[in-house]
Structures are given as structure tokens and as C-alpha cells.
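Input: a single structure, listed below in C-alpha cells.
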2 protein chains.
Amino acid sequence: MTTKTVAELLSQDVTLQDVTVKGWVRTFRANRFIALNDGSTINNIQCVVDFENFDEALLKRVTTGAAVHVTGELVESQGRGQSVEIVVKSLEILGDSDPETYPIQPKKHSFEFLRENAHLRTRTNTFSAVMRLRSSLSFAIHKYFNDNGFYYMHTPIVTGSDAEGAGEMFRVSNIDPKNPPLTESGEIDYKEDFFGKETNLTVSGQLEAETYAMSLGKVYTFGPTFRAENSNTSRHLAEFWMIEPEVAFMDLAGNMDLAEDFMKSVLGYVLDKNKEDLEFLEKRLLDEEKTKPQAERSAMSLIEKIKFVVDNNFKRVSYTEAIDILRNSKPNKKKKFNYIIEEWGADLQSEHERYLVEKHFKCPVILFDYPANIKAFYMRLNEDGKTVRAMDILFPGIGEMVGGSQREERLDVLKEKMAALNIPEEELWWYLDLRKYGTAVHSGFGLGFERLVMFATGMGNIRDVIPYPRTPQNAEF
Amino acid sequence: MTTKTVAELLSQDVTLQDVTVKGWVRTFRANRFIALNDGSTINNIQCVVDFENFDEALLKRVTTGAAVHVTGELVESQGRGQSVEIVVKSLEILGDSDPETYPIQPKKHSFEFLRENAHLRTRTNTFSAVMRLRSSLSFAIHKYFNDNGFYYMHTPIVTGSDAEGAGEMFRVSNIDPKNPPLTESGEIDYKEDFFGKETNLTVSGQLEAETYAMSLGKVYTFGPTFRAENSNTSRHLAEFWMIEPEVAFMDLAGNMDLAEDFMKSVLGYVLDKNKEDLEFLEKRLLDEEKTKPQAERSAMSLIEKIKFVVDNNFKRVSYTEAIDILRNSKPNKKKKFNYIIEEWGADLQSEHERYLVEKHFKCPVILFDYPANIKAFYMRLNEDGKTVRAMDILFPGIGEMVGGSQREERLDVLKEKMAALNIPEEELWWYLDLRKYGTAVHSGFGLGFERLVMFATGMGNIRDVIPYPRTPQNAEF
């Protein structure tokens with residue numbers, strides 16, 4: 001008799017068979033009903049104990065969190081809420097869990113408390129559902145790209161190039177921090193460091209991904225990226241995972257098509273595969289929103305929001321059109337925005353993005369053709385000389401989900417841009433080579449994975465969608 | 001007429017249709033035959049130009065590495081080596097490639113030279129095949145675990161715990177390296193650093209993976225890991241990718257079954273999906289081996305070696321048996337080993353592993369039940385009190401491919417082990433909690449991904465199976 005998972009047992013329609021299962025006790029009710037979970041599903045299997053046939057001392061050890069090995073007969077359940085249950089024949093305690101000290105009691109814990117016990121928080125329904133969804137989304141991403149002829153590429157984590165320009169970086173080093181080697185002029189001598197130069201943690205794999213797109217055609221990265229920014233918000237992590245596809249011979253319109261198709265595909269995948277987890281999280285979100293004033297509650301439930309994205313076209317709007325809409329909007333005229341939009345060229349704040357997405361269009365929006373001077377050096381300059389082929393995808397409740405662009409493929413224009421921003425050509429000689437030898441139109445985008453997980457789970461704090469969040473003053477576990 | 005990839009065109013059986021394709025020129029022969037590649041396959045599509053109908057200046061720009069856009073008619077090929085070809089109607093140069101300076105000429109380049117041009121090396125057959133295989137193996141790994149009920153888990157890259165003990169670590173910091181904040185006693189004050197403590201790059205996600213196995217049941221990691229070891233060999237990288245499954249309620253025998261099934265599955269996947277790349281790499285390896293003395297050549301070709309692993313059981317041998325075999329072996333008796341095996345307890349060197357795998361058993365070997373004192377603190381002590389439930393899988397030509405163990409699940413034994421090794425309990429309070437609350441037998445292993453890619457591609461240097469290798473004194477690109 002092989003051990004089965006709870007998910008396997010609950011999907012059985014052959015009852016009256018002997019089964020064996022191992023898992024952790026969620027609750028033990030009336031000295032009779034063990035709710036057993038093993039992580040394979042959000043559902044517990046009910047194990048029914050006839051207490052007269054078991055040693056009292058043994059039953060006392062059936063406490064929340066204890067690991068047990070149950071053998072018995074699978075029967076049709078008499079109670080509500082489950083189709084089958086196990087009539088227990090033998091019960092073995094594999095590992096006790098002292099109810100006096102076990103942190104995860106069968107009651108509602110605050111997310112703050114669970115963050116401090118992040119090593120145990122996946123023993124709750126909420127966090128097990130979130131992490132199963134995170135895993136499922138990851139697989140959906142790999143599957144989408146694999147099915148569509150993309151190659152997965154591992155771009156370097158430790159980088160010697162500081163020209164990526166996406167934000168503050170962490171230094172990676174193994175020189176003696178107390179007595180670092182110095183040059184004659186008194187600077188740190190990084191020639192003596194492990195890599196023979198100053199190195200940092202990557203902020204993006206894009207530039208390296210471009211090198212592979214320009215030979216393998218369609219590639220993507222999915223790896224950790226880092227920002228040493230002191231932002232203690234519910235939207236920022238110092239360490240997060242990013243997905244960056246990059247495609248040769250694809251222009252900005254193709255890039256928008258790809259991003260939209262990709263988002264719909266991966267969200268459609270979890271709608272299909274993670275129904276029970278989503279239903280649980282939808283209910284959790286509903287309960288959470290009941291504590292908020294009516295005006296702040298979502299018009300749609302979690303699953304409705306995901307379906308809405310899967311089923312509707314994203315609205316494509318140029319930056320110039322967006323500025324017009326915002327300039328003429330009520331909150332702008334009534335000076336309700338913190339930053340009043342006066343002229344073309346203004347950088348959009350999240351209040352403006354939220355207005356466009358949540359009030360004006362009421363659907364995901366792709367903004368494109370941004371002013372060149374508020375965007376990165378590598379973006380393709382338009383023929384107007386003042387805008388670049390950039391795009392951002394904005395999601396309701398989340399804000400920017402995707403940022404991408406067509407890349408500047410013309411050597412002379414790229415060099416001018418770099419010179420204007422004081423990016424030394426020696427730093428990026430290899431990046432320039434792509435424009436010297438067989439250059440072509442190409443495009444790509446970056447998607448912050450945790451933002452996607454937040455959207456798909458309805459969790460409001462980014463620290464609750466990654467196993468062990470790294471934030472200022474926190475690298476526990 | 002939508003643009004098709006070369007792979008799509010070569011698999012067409014409808015000829016006499018108009019097609020359009022974009023890619024890079026590999027060669028241009030006799031002012032007539034363009035071999036075009038776009039990375040979608042190792043094969044080129046032949047584009048036939050009737051030079052009398054094209055401008056001479058245009059044809060001069062058809063050089064190796066140039067990006068071109070070809071439109072024409074797909075016809076049955078007259079030449080050997082391909083089923084279809086394109087009779088070119090229009091030809092556009094998207095990006096030139098100066099033949100005087102382009103580094104990737106249509107000739108054999110040394111791997112050393114290509115490492116210096118790693119941003120262009122996937123424009124060669126060898127490296128495009130290697131990186132397609134790397135991508136395919138990655139997908140096979142995700143697919144295997146997903147199909148078998150595992151959850152993918154992203155363990156942290158920046159770690160505040162230095163107790164993992166797998167090797168030298170890189171420090172991650174953003175304090176001022178020249179004027180670091182100091183404590184009263186003159187030590188670096190890491191409280192002032194970004195994370196409020198000393199942090200490093202992870203050497204393994206295992207300990208964190210255990211926390212998730214003990215709630216979600218079956219999990220795996222697949223992420224970058226780091227070693228600050230000054231080893232300039234063809235087998236070591238400072239940054240490499242590792243796969244680490246971890247399973248609750250699984251003992252060492254189950255762990256061996258899982259590892260063997262996993263290896264066979266992912267290698268079987270690429271045998272099926274990457275036939276053409278493997279055939280190319282097999283031929284390359286054969287050519288390389290022709291330059292070696294007969295005795296050093298492999299008895300099997302690349303594909304034969306992979307098939308052998310897929311089709312044959314791994315030999316399971318205890319450390320104690322292995323010591324007996326080695327002690328009585330010819331090279332030991334004749335003192336040919338650098339390290340002569342005298343007694344039980346000796347750590348095995350790669351010469352011994354190679355002997356067992358390549359000379360004695362001639363197949364992959366799983367060694368298990370190693371002496372406790374040569375293995376890590378978290379491995380399950382056997383009842384004999386002197387061996388631990390560890391296992392290593394050794395592959396022909398590669399050596400150690402997998403290292404794993406059943407984990408010590410008993411709180412008292414684990415604490416004793418940690419005390420003996422001076423690992424402070426405060427460092428791993430969360431790891432100890434797993435043994436306090438619902439502990440159970442669990443096991444897992446680690447697989448160095450690049451070792452697997454080396455085995456599957458026949459490449460001899462680990463720097464040639466990762467896009468941008470990080471090694472001592474090298475973090476270019």
C-alpha cells in the first residue's frame with residue numbers, strides 16, 4: 001500500500017480501499033476528527049478516529065502542527081465539505097508539536113506576525129495557496145516561452161558593468177573590509193578583489209539578453225535582480241525576480257502584442273490549474289475588503305479581475321494622448337493630484353497611472369511613445385526626435401506591471417545617447433558590437449514577477465508573495 | 001505574408017509558396033548561395049540569388065554576420081543537405097557586418113577566443129547548439145517537477161546566515177568601502193549596512209527549501225549559487241545554477257530513486273527534443289577526440305553516453321563497499337593513485353571516483369552511507385553512529401553530479417552536531433524549529449546545472465556551457 005498525497009486521495013472515486021497518508025494536523029476536533037494537510041492541496045482530508053480504540057496518551061499528541069502517519073479505509077464522507085474521509089485504523093505520531101509553544105495556532109494570525117515566522121507561514125492556508133500560485137505562474141511562464149520558440153537564458157547575477165542604470169546597486173566583494181587594498185592614490189584597489197574589478201549585483205539582464213536575441217532570435221531571462229534602494233513600501237523589494245524576453249526583428253507593436261498575449265496566457269493557465277487556491281484567496285480578499293470603507297473596495301472579485309484581463313484587449317494609448325486626458329481630467333482641474341499635469345514631457349506618477357487605468361479606461365492600459373528624456377538610453381528614438389519607442393503596461397490595483405521598448409539599433413544614435421549621459425563606450429563595447437555587426441530592429445520587456453504574483457493572488461504586500469523577502473534592515477532566514 | 005523562422009521553413013512540405021525570413025548570413029558562396037541562420041535551429045536555410053538580377057553593390061554587403069531580410073519562393077532543393085531552399089526575389093540588408101573587423105569568421109575559432117567574444121559566440125554552431133540544449137534541459141527540469149507535484153520555490157540569493165557551510169562566500173554590502181562605519185571596538189558596524197547585518201551570496205538554498213518541504217511536501221529550487229573559491233579549473237565557476245529538490249516523508253532510498261528517475265527523465269527529454277543539436281555536438285566531440293591519443297578517447301559517442309544513462313540502472317554501492325573495492329584495486333596496490341586508500345574513513349578523491357565509475361562499474365554509481373565526519377552537519381546519522389545517510393551520484397567523465405542526503409530530523413541529535421561544529425543555535429533557530437514542530441523524515445539533493453549541461457553537450461570546460469562565466473579575475477560582459 002503506497003502512501004498517497006491528500007490531493008490524490010480527495011480525487012479518488014474508489015472508496016472502501018485501504019490507504020496510507022502522511023501530513024500535518026491542522027485541527028483535531030471533538031477527539032474524533034483530524035483535519036490533515038500535506039501541502040499538495042489547500043484542502044484537508046478528514047481522518048475519523050474512534051477514540052475508544054486508541055490510547056488516550058496517543059490522542060493527546062494529535063495537536064496542531066504535529067506530523068502524523070495515518071492508515072485506514074477511504075470511505076464516502078457523511079459530513080459536509082468533503083466527498084471522502086479516512087476511517088483511521090492506525091495512527092502514528094512522526095513529530096510532535098507542543099501546543100503551548102507552536103507559533104501557528106488554528107486562528108487568524110496577522111501577516112506581520114507570519115512574516116516574522118516566514119519559515120512556518122506556508123503551514124497556513126493563505127500562504128500555502130500563495131506559494132502554490134507562485135509556483136504555478138513560474139511554470140506557466142516557462143511553458144509559454146518554450147511553446148513559442150524562446151530559449152531560456154541565464155544572465156549573470158554578478159556584473160562588472162555599472163551602466164545598466166536601472167537603479168542603485170549592491171557591491172559584491174571579498175576583499176578585507178577592514179583593511180582593503182588601496183591604490184597609490186588611496187582608492188580601493190579592486191584589481192585585488194576576486195573578479196579583478198568592482199562588481200555589483202545585477203539590476204537587469206536585458207543588455208546581455210540582447211546579445212543572445214541577436215543570435216538565437218527569441219530569448220528570455222527569469223532570474224533574481226536587485227535594487228539597493230531604501231524604500232520601505234509594500235511594493236518594493238531589494239531582491240526580486242524578473243522576466244525579460246528579448247526578440248530580434250520585432251518592433252514596438254510586436255512587443256505590445258507579445259506582452260499582452262503572454263500576460264493573458266500565464267493568467268489563463270492559473271485560472272485553469274489553480275481553481276481551489278484562487279477561490280480560497282478570493283474569499284480571503286473579500287473578507288479583508290469588508291473591513292474597508294465601501295469606496296475603497298474593488299468592484300470585481302479576485303477571479304473576476306483575472307478573467308477580465310484574460311478576456312479583454314489592453315487599451316493602447318500614446319503618452320501624448322494620455323497627457324491630454326490627464327490635463328483635462330477632473331482631479332487635475334480641481335488640483336486633487338499631488339502633481340498637477342501642466343505640459344507635455346511630465347513624468348507620470350502612480351496617481352496619474354491609477355487614474356488612467358482605474359477611472360478613465362477601467363482596463364489594463366499600454367502607454368507608449370514616451371518623451372526620450374524620461375526614459376533609458378537604449379530605447380529607440382522615434383522619427384520625431386523627441387519620443388522613444390517605450391511602453392509601460394499598467395494594471396488596475398498594481399500600477400506598472402511591464403516596462404519595455406524597442407531598442408536603439410543604430411550605432412551612431414546609440415553612441416550619441418551614451419555620450420550625452422556620460423556612459424563610457426569602453427564599458428559597453430560588447431553592447432555596441434551588436435550594432436556594428438548585423439544589427440536589426442529588436443525589442444523586449446521586463447516584468448517584475450512579484451507584481452504578477454500580487455495581482456494573481458490579491459495579496460497587498462509584496463513581502464507576502466516571496467518566500468523570504470529582502471528589504472532594508474531585513475535579511476532574516 | 002508573415003515572416004517565418006528558419007526552423008518553420010525547413011519543416012514545410014508545401015513548396016512553391018512565397019515566404020519571407022530574417023536572419024544572419026553564415027556564408028555567401030559563389031555569389032549565389034546564402035546560408036541564412038536565425039537561431040531557431042542549427043540548420044541554415046539556403047537562399048539562392050540570381051546575381052544578374054541584383055545590384056552588385058548590394059551583393060557585396062552580403063557578408064558573414066550581416067542581418068538580412070529575404071523574400072522569395074520556397075522550392076524543393078536541388079543540392080544535398082537540405083530539403084527546401086528559397087529562390088530569392090528581394091533582398092534587404094538590415095545591418096551590415098564589416099568582414100575586415102567582424103570577429104566571427106566562417107572558420108574554426110578556438111574556444112579561448114570565443115570566450116573573449118562571448119557576446120558573439122552563440123553566432124557559431126557549437127555555442128548556439130550548447131545554449132539551445134541548456135534551455136531545453138532547463139525546461140525539462142521544470143516540467144519534470146511540475147508533472148510530479150513539486151512546487152518551485154525561489155530561495156533567497158542574499159543571505160544573512162553563514163551557517164550553510166558549503167564554501168567561501170561573497171560579501172554583499174553597500175556601506176562606503178573606503179570609510180566603513182565602525183563599532184566602538186573597531187569592527188565593521190554592519191548594523192549600518194543595508195540589511196542591518198553582514199550578508200553574503202547564498203551557497204545553497206537547501207536549508208530554506210527544507211522549511212517549504214515541511215509544509216508544502218515536495219518543493220525544488222533552481223537558482224544561482226556562489227562560491228568565492230579561487231579555483232581556476234575547467235570544472236569550477238564562482239557563479240553557477242543549482243537544482244535542489246526537497247521532499248517530506250522521503251528517506252534516502254526514495255531520494256536515490258528520485259534522483260535517478262529525474263536524471264533519466266531530463267536527459268530523455270533532450271534526446272527526444274534536441275536531436276539535431278546533439279548530432280552536431282556528437283560530431284564536434286568526435287573531431288576533438290581524434291586529436292587525442294587512442295587511450296583517452298571515449299568508448300561511446302555523446303548520444304550513446306546519454307542513452308546509456310537513460311537506459312541503465314545506476315549502480316548503488318555503500319561507501320564501505322567502495323572502500324573495499326578501491327583498497328583491492330590495481331592502481332591502489334601499485335600505488336598509482338595520488339592518494340592511496342588505506343583505511344575506512346578516507347575522503348574519496350576524484351581519481352577514486354573516476355576509477356569506480358569508469359573502470360570498475362562502467363556506469364553511473366550512487367555511493368551512499370558515508371562517514372559522518374566527512375559530511376555536512378545536517379545529514380541523518382545512521383544507527384551505527386558513524387555513518388550518515390548521504391549519497392553522491394558519480395557520472396562517467398564528469399565525476400560528482402549530484403550530492404544529497406536524508407536530513408537529520410531529530411532535534412537532540414541535530415543540536416549535538418551543531419554544537420560539535422560550533423554552529424550557533426541562534427543562527428539557525430528557524431531551521432531547528434522544523435525539528436520542534438511536526439518533524440519528519442525528509443530528504444533532498446543538489447545538482448549543479450552546468451555539470452549536467454557539460455554531460456549532455458560533451459563540452460569539456462564549464463565556461464563554455466554558461467552564457468557569461470564568472471571566474472577569478474573575470475566578470476566581463
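The values are calculated or read from the model by the stated rules, or taken from the named source; none is laboratory data. Here the structure is a predicted model, which means the values were calculated and not measured. Backbone-built Cβ (ideal geometry, glycine too); neighbour counts: all protein chains shown. Side chains are part of the model used for accessible areas, which takes the heavy atoms of the whole protein and leaves out ligands, DNA and RNA. Shrake-Rupley method; radii C 1.70, N 1.55, O 1.52, S 1.80 Å.
Residue by residue, the stretch B:229-240 carries 3J(HN,Hα) couplings of 9, 7, 9, 9, 10, 7, 10, 10, 10, 7, 10, 8 Hz when phi is fed to the Karplus relation 6.51 cos²θ - 1.76 cosθ + 1.60 (θ = phi - 60°); x denotes Gly or Pro.
Sorted from nearest, the other copies put their residue B:229 label points 3.8 nm away, the label point being 7 Å from Cα in the direction of Cβ. The trypsin sites (Lys or Arg not before Pro) of the stretch A:146-230 that DSSP puts in a loop, and whose beta carbon has at most 16 other beta carbons within 10 Å, are A:178, A:197. A convex hull fitted around the alpha carbon atoms of the stretch A:170-265 yields 168 Å³ per residue. Over all pairs of different C-alpha atoms in the stretch B:188-322, the reciprocal of the mean inverse distance, the Kirkwood hydrodynamic radius, equals 19.1 Å. The stretch A:383-411 and the stretch B:375-402 have their alpha-carbon centroids 51 Å apart.
Mean per-residue shielding of peptide B:208-214 is 5, counting Cβ atoms of other chains within 10 Å of each Cβ. Note that the stretch A:428-438 has calculated 3J(HN,Hα) couplings of 10, 3, 6, 5, 5, 3, 4, 8, 8, 10, x Hz, one per residue in order, obtained from phi through the Karplus relation 6.51 cos²θ - 1.76 cosθ + 1.60 (θ = phi - 60°); glycine and proline are x.
About the centre of its Cα atoms, the stretch B:294-371 shows a dipole size close to 420 debye [charges on the beta carbon of Lys, Arg (+1) and Asp, Glu (-1) only; nearest 20 debye].
Sorting the segments A:179-189, B:147-157, A:434-444 by their residues' average number of neighbouring beta-carbon atoms within 10 angstrom, most packed first, yields A:434-444, B:147-157, A:179-189. Helix A:125-147 and the longest principal axis of the Cα set of chain A meet at an angle near 50°.
Shown for residue A:415: label points 7 Å from Cα along the beta-carbon vector, and their distances to the equivalent points in the other copies, 6.9 nm in ascending order.
Which value results for Rg/Rh of the stretch B:121-189 when Rg is the Cα radius of gyration and Rh the Kirkwood radius based on the inverse mean 1/r? Rg/Rh for the stretch B:121-189 comes to 1.22. Quick check on the stretch A:66-129: what does the Kirkwood estimate of hydrodynamic radius come out to from the alpha carbon pairs, in Å? Radius from the Kirkwood sum: 14.3 Å.
The mean number of Cβ atoms from other chains found within 10 Å of a Cβ in peptide A:435-446 is 5, as a whole number. For the stretch A:274-343, the gyration tensor built on C-alpha atoms gives an oblate shape. Its axis ratio a/c (a ≥ b ≥ c) is at least 1.5, and a/b is not larger than b/c.
Peptides A:7-14, A:293-300 ranked from most to least packed, by the mean per-residue count of other Cβ atoms within 10 Å: A:7-14, A:293-300. A simple count of charges around residue B:321, restricted to other residues whose Cβ falls under 12 Å of its Cβ and scoring Lys, Arg +1 and Asp, Glu -1, yields +1.
Net charge dipole, chain A: roughly 1600 debye, given to the nearest 20, about the Cα centre with Cβ charges of +1 for Lys and Arg and -1 for Asp and Glu. Of the trypsin sites (Lys or Arg not before Pro) found in the stretch B:89-143, those in coil by DSSP whose Cβ has at most 11 other Cβ atoms within 10 Å are B:107, B:108.
Overall, the accessible surface of chain B at a probe of 1.4 angstrom is composed of carbon and sulfur to the extent of 46 percent. Annotation: per residue accessible area for the stretch B:268-335 equals 61 Å², rounded to a whole number [probe 1.4 Å, protein chains only].
The calculated FRET efficiency for the pair residue A:83 and residue A:261, based on their C-beta separation and a Förster distance of 35 Å, comes to about 0.40. Karplus-based coupling profile of the stretch B:442-456, in residue order and whole Hz: 7, 8, x, 8, x, 10, x, 4, 5, 5, 5, 5, 4, 4, 7, with θ = phi - 60° in 6.51 cos²θ - 1.76 cosθ + 1.60 and x standing for Gly or Pro.
Relative to the longest principal axis of the Cα atoms of chain A, the long axis of helix A:252-273 makes an angle of roughly 0 degrees. Taking only the alpha carbons of the stretch A:1-101, we obtain Rg and Dmax values of 12.5, 40 Å in that order. For the residues of A:127-139, the average number of beta carbons from a partner chain within 10 Å of their own beta carbon is 4.
In the stretch A:67-166, taking the dipole from charged Cβ atoms about the Cα centre, the farthest positive-side position among A:161, A:110, A:144 is held by A:144. Shown is the FRET efficiency for residue B:334 and residue A:318, computed with R0 = 60 Å from the Cβ-Cβ distance and rounded to the nearest 0.05: 0.15. May I ask for the Rg/Rh ratio of chain A, computed from Cα atoms with Rh as the Kirkwood radius, given to two decimals? A ratio of 1.04.
Among chain A residues, the beta-carbon with the smallest distance to the axis carrying A onto B is reported, with distance in whole Å, as A:142, 2. Taking the helices alone, chain A has a mean residue ellipticity at 222 nm of -9000 deg cm²/dmol, built from -39,500 (n - 2.57) per DSSP H run of at least 4 residues and averaged over all its residues. Accessible surface buried at the A:B interface totals approximately 8700 Å², computed with a 1.4 Å probe on protein heavy atoms. Taking the Cβ of residue B:33 as the center, what net charge do the other residues with Cβ under 14 Å away carry, scoring Lys and Arg +1 and Asp and Glu -1? Here the charged neighbours net out to +2.
At 25 °C and 0.890 mPa s, grab the translational diffusion coefficient of the stretch A:417-474 from Stokes-Einstein with a Kirkwood Rh over Cα pairs, rounded to a whole number in µm² per second. The estimated diffusion coefficient comes to 159 µm²/s. Selection among B:371, B:247, B:286 by position relative to the dipole of the stretch B:221-374 gives B:286 as farthest towards the positive end (Cβ unit charges, Cα centre). Centre-to-centre, using Cα atoms only, the stretch A:269-317 and the stretch A:47-77 are separated by 38 Å. Summarising the amide proton neighbourhood of residue B:199: residues at separation of 5 or more, or on other chains, whose placed amide H is nearer than 5 Å comprise B:172. Copy-to-copy spacing for residue A:315, label 7 Å out on the Cα-to-C-beta vector, in nm, shortest first? Those label-point separations list as 7.0 nm. At 10 °C and a viscosity of 1.306 mPa s, what translational diffusion coefficient does Stokes-Einstein give for the stretch A:282-433, taking Rh as the Kirkwood radius over Cα pairs? Give it in µm²/s as a whole number. The estimated diffusion coefficient comes to 90 µm²/s. For the protein assembly as shown, the Kirkwood radius over C-alpha pairs fed into Stokes-Einstein at 4 °C and 1.567 mPa s yields D = 43 µm² per second.
For the pair the stretch B:5-28 / the stretch A:189-243, the C-alpha centres are spaced 35 Å from each other. Relative to the Cα centre, the charge distribution of the stretch B:258-342, modelled as +1 at Lys and Arg Cβ and -1 at Asp and Glu Cβ, gives a dipole magnitude of about 600 debye. For the stretch B:355-442, the convex hull drawn through the C-alpha positions has a volume of 111 cubic angstrom per residue. Normalised per residue, the accessible area of the stretch B:1-110 is 51 Å², obtained with a 1.4 Å probe and no contribution from ligands, DNA or RNA.
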